[in-house]
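Q: Dumping the structure here so I can ask a few things about it.
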Amino acid sequence: MVRTLPALYLLLVSIAAQAETPQRIGETYAAEAAARQAGFTSSAKRGETLFRQRFANNDKMPACTSCHTDSPLNAGQHAVTGKAIRPLAVAANGQRFSDPAKVEKWFGRNCKEVIGRDCTPAEKADFVAYMSEAR
Amino acid sequence: MKHIAIILLLGATPPAFADRVPLPANAPAGYQAECGGCHMAYQPALLSAGDWRRTMAGLKDHFGTDATVDGPAGQEIASFLERNAGNAGKLGSTGEPPRISQTARFVRKHREIPAKYWKDPRIKSAANCEACHRGAADGNYSEHDILIRELRR
């Protein structure tokens with residue numbers, strides 16, 4: 001037991017170094033937003049509004065919901081290729097928002113594709129808050 | 001007893017060898033993440049080397065999407081695809097942009113599929129191999145293992 005403890009500790013540390021929690025990822029975006037706009041706090045409600053908003057940028061995917069369905073708890077389907085997409089909400093898919101590079105990559109691609117521009121740190125913080133809270 | 005063993009062995013052989021298109025084991029780490037995000041990570045043998053080169057050179061507008069893969073990851077994926085590409089003579093020319101669904105092989109294999117199935121919401125697009133070929137991601141395209149029952153043989 002005494003001998004396995006350090007090994008266990010090392011294992012936990014190495015896991016922690018790779019995986020982040022949705023909360024931490026949301027906090028990082030919120031801090032970035034607060035640097036631009038004093039007093040910013042993230043809002044799941046604003047995140048939901050963004051998730052449902054329709055944009056006039058892309059006929060095939062006017063909103064997040066075009067691929068992710070009306071509920072982030074549901075599995076979705078890519079609007080063009082038909083590929084199955086696992087749920088966005090953390091409650092339905094524990095792997096969501098655990099890898100900062102992956103989160104940043106998909107915000108990058110999908111914001112450009114659906115909205116036609118990059119999302120702001122404030123929008124990202126709100127979006128992560130909604131996906132963390134959606135039940 | 002010996003005969004039974006031989007019969008069993010024969011039975012275990014995959015019946016349609018040509019319908020197995022496995023993903024090479026040396027696929028770069030980024031292939032699944034970068035190319036398998038919006039569609040299945042297609043096996044390189046499904047397109048010729050020249051068509052892969054054109055596909056990778058045009059990722060900025062990849063069927064209407066910016067699918068750019070920057071830096072060494074992009075080059076790694078491009079050379080993996082070209083190294084393991086399919087036989088250009090058999091696949092045929094596929095137009096611009098290159099589409100797997102326009103290779104001679106794909107067209108021949110799917111010519112009996114009625115048009116309405118391509119529009120079926122379960123399928124949606126010829127890009128969606130896994131809608132019908134449940135083993136597509138593992139390189140199994142056997143016509144005996146089709147998810148849509150009416151199309152099974």
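Q: Per residue Cα convex hull volume for segment B:26-110, in cubic angstrom?
A: Per residue, the Cα convex hull of segment B:26-110 comes to 91 Å³.
Q: Sticking with this structure for a sec: Need one number: nm distance between label points at B:A88 and A:A31, each 7 Å from Cα along Cα→Cβ, rounded to one decimal.
A: With each label placed 7 Å out from Cα toward Cβ, I get 5.2 nm.
Q: Right, something else. Would you mind working out the magnitude of the charge dipole of chain B relative to its Cα centre, with +1 at each Lys and Arg C-beta and -1 at each Asp and Glu C-beta, to the nearest 20 Debye?
A: 680 debye
Q: Give me the Kirkwood hydrodynamic radius of segment B:4-153 in Å, from all C-alpha pairs, to one decimal place?
A: It is 16.7 Å.
Q: Same structure again: Given C-alpha coordinates of segment A:4-133, what is the ratio Rg to Rh with the Kirkwood estimate of Rh?
A: Expressed as Rg/Rh, it is 1.03.
Q: Moving to a separate point now. Starting from the Cα of A:T49, step 7 Å along the direction of its Cβ; do the same at B:L151; then give the gap between the two resulting points in nm.
A: 4.3 nm
Q: Would you kindly derive the ³J(HN,Hα) couplings of segment B:109-118 from the backbone phi angles with the Karplus curve 6.51 cos²θ - 1.76 cosθ + 1.60 (θ = phi - 60°), listing them in order in whole Hz, with x for Gly and Pro?
A: Along segment B:109-118, the couplings run 5, 10, 5, 8, 7, x, 3, 4, 5, 5 Hz.
Q: Can you give the mean number of other chain Cβ atoms that lie within 10 Å of the Cβ atoms in peptide A:73-85?
A: Average neighbour count from other chains, rounded to a whole number: 5.
Q: Over the alpha-carbon set of segment B:112-153, divide Rg by the Kirkwood Rh and report the Rg/Rh ratio to two decimals.
A: Rg divided by Rh gives 0.93.
Q: With only alpha-carbon atoms in the gyration tensor, what are the semi-axes of the equivalent ellipsoid for the protein assembly as shown, in Å, largest first?
A: After scaling each eigenvalue by five and taking roots: 39, 26, 20 Å.
Q: To continue, here is another question. Exceeding 20 Å between C-alpha atoms, which entries from my cross-link table qualify? They are A:K45/A:K83; A:K60/B:K109; A:K124/B:K60; A:K83/B:K124.
A: A:K45/A:K83; A:K60/B:K109; A:K124/B:K60
Q: Between A:A91 and B:R20, how high is the FRET efficiency from 1/(1 + (r/R0)^6) when r is the Cβ-Cβ distance and R₀ = 30 Å? Nearest 0.05.
A: 0.15
Q: Rounded to the nearest 20 Debye, what is the dipole magnitude of the protein assembly as shown about its Cα centre when Lys and Arg each give +1 and Asp and Glu each give -1 at the C-beta?
A: Magnitude of the dipole: close to 800 debye.
Q: Could you state the angle between the C-alpha long axis of helix A:22-36 and the longest principal axis of the C-alpha atoms of chain A, as a value from 0 to 90 degrees rounded to the nearest 10?
A: The angle comes out near 60 degrees.
Q: Which FRET efficiency value, to the nearest 0.05, do you get for B:D138 and A:E104 by plugging their Cβ-Cβ distance into 1/(1 + (r/R0)^6) with R0 = 30 Å?
A: After rounding, the FRET efficiency stands at 0.50.
Laboratory data are not the source of any read-out in this text; all were calculated from the coordinates shown. As the structure is a computational prediction, the values presented were derived from the model and not from experiment. When we count neighbours, we look across all protein chains shown, and the Cβ atoms used for this are built from the backbone with ideal geometry, even at glycine.
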